[in-house]
């Protein structure tokens, strides 16, 4: 376990070296985050005011419930599209860097826009899978277990879909097939996910939240005032957002490196070959 966490930290450092050379990659998750918040507000406020949230929760008549699911699917589709579009821009720009180029924000957006049809189609598939998994997870404890297993398998099978879409100009179905085949051909038939960049960003997020809240409470008690707690909570929120922005960019860079290794057998010299080769492990 500790070795895998250590490898994850080395992956973070290697990915960060790429990000340090191309800080503009942070623009994509930032824009994605703003767009996601706008979409959330656009859907959530009308649904709350019209009572559709109750319909989606199953507390209304079947007609309202169906409308609730339709609106929920539209929300899922919008969010998936934003996320996939942003990740496509990151991966596309990162591939330019891994090949020795110097990508710009414009390069990333251009690559994503050039494949917007495939991105939207893949977003439809992802939103459908997301809705189905949500429905399964609502069937009780067994449903939650089944949903988790299917979700993990889906996440693994589609790990390299985005670079396939933007590098190989493939459609979403072909992208899923290519992603699955590359993973099997490169890392073997029986593989499971390893600790990755998400592990480190998750641990950092937990540490910041726990440390910030605990420090805020202690300072508030010492000063007999709630102001220190409020200030530290604001700092915690800012830090958590920053960690997630950086984590998203790092994960896109890492995905690009995985794809290059699967296709060409090397990582462009910016990642240790051993780290990429051990990104997945056999069951």
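The values are calculated or read from the model by the stated rules, or taken from the named source; none is laboratory data. If you're wondering where the values come from, they're calculated on a predicted model, not measured in any experiment. Cβ sites come from the backbone with ideal geometry, for glycine too, and all protein chains shown count toward neighbours.
Some observations on this one:
- Among the residues of this structure, residue 123 counts as one that is at pLDDT 90 or above and either touching a helix residue (DSSP H, G or I) at 6+ places or on another chain (Cβ under 8 Å) or surrounded by 15 or more Cβ atoms within 10 Å (Cβ to Cβ) (or both).
- Meets criteria (over 25 Å from residue 280 (Cβ atoms), touching a helix residue (DSSP H, G or I) at 6+ places or on another chain (Cβ under 8 Å), surrounded by fewer than 16 Cβ atoms within 10 Å (Cβ to Cβ) and without any contact (Cβ under 8 Å) to a residue 60 or more places away in the chain) for residue 116: yes
- Every condition in (1) in contact (Cβ under 8 Å) with a residue 24 or more places away in the chain; (2) within 19 Å of residue 172 (Cα to Cα); (3) surrounded by 15 or more Cβ atoms within 10 Å (Cβ to Cβ) holds for residue 151 except the one numbered (1).
- Test for residue 257: is it in contact (Cβ under 8 Å) with a residue 40 or more places away in the chain and either surrounded by 13 or more Cβ atoms within 10 Å (Cβ to Cβ) or at positive phi (or both): yes
- Residue list for the range 260-274, restricted to those being touching a residue at least 60 places away in the same chain (Cβ under 8 Å) and part of a helix (DSSP H, G or I): 260, 261, 262, 263
- Boolean, residue 242 is out of contact with any helix residue (DSSP H, G or I) (no Cβ under 8 Å at 6 or more places or on another chain) and either buried (at least 16 other Cβ atoms within 10 Å of the Cβ) or assigned to a helix (DSSP H, G or I) (or both): yes
- Residue 132 meets the stated requirement of being without any contact (Cβ under 8 Å) to a residue 40 or more places away in the chain and either over 20 Å from residue 81 (Cα atoms) or surrounded by fewer than 16 Cβ atoms within 10 Å (Cβ to Cβ) (or both).
- Qualifying residue in the range 84-101 (condition: surrounded by fewer than 17 Cβ atoms within 10 Å (Cβ to Cβ) and at pLDDT 90 or above): no
- Any hit, the range 208-231, residues being within 25 Å of residue 90 (Cβ to Cβ) and in a helix (DSSP H, G or I): yes
- Residue 147 meets each of the listed conditions (1) over 24 Å from residue 40 (Cβ atoms); (2) touching a helix residue (DSSP H, G or I) at 6+ places or on another chain (Cβ under 6 Å) apart from (1).
- The single residue among 56, 75, 48, 81 that is assigned to a helix (DSSP H, G or I), modelled with pLDDT of 95 or more and either out of contact with any strand residue (DSSP E or B) (no Cβ under 7 Å at 6 or more places or on another chain) or within 24 Å of residue 173 (Cβ to Cβ) (or both) turns out to be 81.
- Criterion violated by residue 139 - all others in (1) surrounded by 15 or more Cβ atoms within 10 Å (Cβ to Cβ); (2) farther than 18 Å from residue 32 by Cα satisfied: (1)
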